[in-house]
Amino acid sequence: MSRVLQNFVGGQYVDGGDLFDDVNPVDGSLVARVQEADRDVVDGAVRAARRALEGEWGRFTATERVALLRRIADGIEARFDDLLAAEIADTGKPVALATELDVTRAAANFRAAADLVAGLGVDSFLTEKALNYAIRRPLGVVGVIVPWNLPLLLLTWKVAPALATGNAVVVKPSEETPASATLLAEIITEAGAPAGAYNVVHGFGPGAAGEYLTTHPDIDGITFTGESRTGSAIMQAVAPRVLPVSFELGGKNPAVVFDDADLERTIDGLARSVFTNTGQVCLCTERVYVQRGVFDEVADGLVKRAQELRFGSPYDPSTTTGPLISQAHRKKVLSYYAIAEQEGAQLLAGGGIPAVGEDLSGGSWIEPALWTGVGNSARIMQEEIFGPVATLMPFDTEEEAVRLANDTPYGLAAAVWTSNLERGHRVAAAMRVGMSWLNTWYLRDLRSPFGGSGLSGIGREGGVHSLHFYTEPTNVCVAL
Ligand code: NAD
Ligand code: 6OD
């Protein structure tokens, strides 16, 4: 009998309408059957969240919320191995990555949000006529909709500040990765959160749980991470009620390598930024602009790194690279391998399906692909692929590199590689993105603004930026 994952509503695990399969992408085996939230379950979750705000949870002081968040972080650390197993079964990512990144960041997200609220003051302005001070109220019932690539990290990145600032949440994890959000409900409850503060509804997007949530008349805001197209659909769904949204969307992120860069460090960084999580991180580099004099050396270095990737069981210490999330996603990524060929790209490495042995043959494995030889308008240079891929292009001048890097409707992240710090600061600042890394990639300080512009999103979260999204200020003006 397979395990069944339930929805979590008002402090209780509840069934839904239909059941759907949670599949392990390593071998195609069944992880669990999942209770799909129908409209009634989603409605129940929103009502439970509202009751929590009007009841015990709404009466929690900031000090009590901070203490709760710290207990949740402790709970995550105490259940580290369970969360790790849940995350690995759903995504197939190697145990080292899930340990270093996913589960560790879940605890860190709660601690960072607790620290933020513990240190909060109020904005105030004093003149001879008046004292103005702005108090902050929670937004209310917040819908949290997240994707499958870093399921627990991305969920807690939003849930932690939402709870820290006194909101109640209804979370819709990805249908591909329902396990860790379900387990987190136990941890949050054991830490002492009142019923209804944290609710989970499982299911799909359009015409299903995701849409039931975004169109529910009693939610106060939506925070969403996922594809740009989905962000657009959600924006339309909430438009009639003019709800606030925070959107962390797709990217087509550039790396710019100058000929004075420390090439060993650069190739290390590039390999990490192209291949981490099998390229399924929104921040991953998919376009690499290299100054002409070092183009061959950088291309050869990256090709070597691609050839060194090892596919296999997530628990085998020699495995560096897991599968893609699903057969459907592999079909999409492989369609870009065909598009690259049609566009006349020169394939430098990979580009197919690896031999992984019979045990794993039901998994959604894919080789990386590195290309060169196309212009900036090629589809493989313009469209987000979300796999272990990159296209390399030579450039001659700094001005040209900045122009090429910014020639995209996305604006999420960039990485600049140079040993000339003056130029590094200048070029990093000229990138039209939310996050610009200089001589590194995906190095995070959780207080810094995170998000993107253009097709990559609306707003920023992190530190005080989360505070601004998850609360509404009311200014009190006192005549003196
Ligand atoms: P997706 O947009 O297909 O799905 C994300 C979530 O939205 C899922 O829970 C899904 O069920 C739900 N959803 C889908 N359609 C919906 C609708 N109409 N209404 C309500 N909910 C709906 O994205 P994905 O395939 O799960 O994730 C990959 C994408 O996420 C990539 O584009 C990637 O770049 C992006 N991403 C961005 C960031 C960031 O911080 N900018 C982080 C991670 C992933
Ligand atoms: O590190 C984070 O806080 C974050 N939001 C990462 C997003 C990664 C995208 O896949």
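The values are calculated or read from the model by the stated rules, or taken from the named source; none is laboratory data. All values reported here derive from a predicted model rather than from experimental measurement. Note: ideal-geometry Cβ built from the backbone for every residue, glycine included; neighbour counts use all protein chains shown.
Of all residues in the range 451-464, those satisfying the criterion of being within 12 Å of residue 113 (Cβ to Cβ) and either in contact with a strand residue (DSSP E or B) (Cβ under 7 Å, 6 or more places away or on another chain) or within 12 Å of ligand 2 (Cβ to nearest atom) (or both) are 461, 462, 463. Can you tell me which residue in the range 86-111 is farthest from residue 280 (Cα to Cα), limited to those that are outside any helix (DSSP H, G or I) and within 16 Å of ligand 1 (Cβ to nearest atom)? Looking at residues that are outside any helix (DSSP H, G or I) and within 16 Å of ligand 1 (Cβ to nearest atom), I get 92. In the set (1) touching a residue at least 40 places away in the same chain (Cβ under 8 Å); (2) closer than 26 Å to residue 23 by Cα; (3) small (Gly, Ala, Ser), the condition left unmet by residue 85 is number (1).
Reported count of residues in the range 131-145, each being buried (at least 24 other Cβ atoms within 10 Å of the Cβ) and of a type in the set (Gly, Ala, Ser), is 1.
Scanning the range 177-211 for residues that are in a loop (DSSP other than H, G, I, E, B), of a type in the set (A, V, I, L, M) and out of contact with any Gly (no Cβ under 6 Å at 6 or more places or on another chain) returns 193, 197, 201, 208. If the condition is being touching a strand residue (DSSP E or B) at 6+ places or on another chain (Cβ under 8 Å), at pLDDT 95 or above and surrounded by fewer than 15 Cβ atoms within 10 Å (Cβ to Cβ), then the range 83-125 contributes 124, 125.
Go over the candidates 69, 83 one by one and state the one that is closer than 15 Å to residue 446 by Cβ and part of a helix (DSSP H, G or I).
On the way: 83 fails: closer than 15 Å to residue 446 by Cβ.
Step by step, each of 69, 83 is checked, and only 69 is closer than 15 Å to residue 446 by Cβ and part of a helix (DSSP H, G or I).
Per the listing 274, 298, 294, 257, the residue uniquely in contact with an Asp or Glu (Cβ under 9 Å, 6 or more places away or on another chain) and away from ligand 1 (no atom under 16 Å from the Cβ) is 294.
For the structure I just gave you, tell me whether residue 335 is under 12 Å from residue 385 (Cβ atoms) and without any contact (Cβ under 8 Å) to a residue 60 or more places away in the chain. So residue 335 passes the test. Does any residue of the range 336-350 turn out to be over 26 Å from the mean Cα position of the chain (by Cα), in a loop (DSSP other than H, G, I, E, B), surrounded by fewer than 21 Cβ atoms within 10 Å (Cβ to Cβ) and not hydroxyl-bearing (Ser, Thr, Tyr)? Yes, the range 336-350 has at least one match.
Being within 16 Å of ligand 2 (Cβ to nearest atom) and either among the charged types (D, E, K, R) or over 24 Å from the mean Cα position of the chain (by Cα) (or both) narrows it down to one residue among 272, 265, 287; which is it?
Numbers: 265 fails: within 16 Å of ligand 2 (Cβ to nearest atom); 287 fails: within 16 Å of ligand 2 (Cβ to nearest atom).
The unique qualifying residue is 272.
With respect to (1) surrounded by fewer than 24 Cβ atoms within 10 Å (Cβ to Cβ); (2) touching a Ser or Thr at 6+ places or on another chain (Cβ under 6 Å); (3) farther than 27 Å from residue 275 by Cβ, the lone exception for residue 148 is condition (3).
Which fully enclosed strands (runs of 3 or more DSSP E) of the range 10-52 have 2 or more residues being hydrophobic (A, V, I, L, M, F, W, C)? I'd like the intermediate steps shown before the answer.
Values: elements: 12-14, 19-23, 30-35.
It comes to 19-23, 30-35.
Contact map, the range 105-131: first residue free of Cβ contacts under 8 Å to residues at least 12 places away in the same chain, second residue exposed (fewer than 11 other Cβ atoms within 10 Å of the Cβ) and of a type in the set (A, V, I, L, M, F, W, C), Cβ cut-off under 6 Å, separation 6 or more or different chains; the map is empty.
In the condition set (1) farther than 17 Å from residue 264 by Cβ; (2) over 23 Å from the mean Cα position of the chain (by Cα); (3) surrounded by 12 or more Cβ atoms within 10 Å (Cβ to Cβ), residue 323 is compliant with all but (2). Checking the conditions here, which among 148, 157 is modelled with pLDDT of 95 or more, aromatic (Phe, Trp, Tyr) and assigned to a helix (DSSP H, G or I)? 157 is the lone residue from the list that is modelled with pLDDT of 95 or more, aromatic (Phe, Trp, Tyr) and assigned to a helix (DSSP H, G or I).
Could you count how many residues in the range 173-224 are polar (S, T, N, Q) and within 12 Å of ligand 1 (Cβ to nearest atom)?
Of the residues in that region, 5 qualify.
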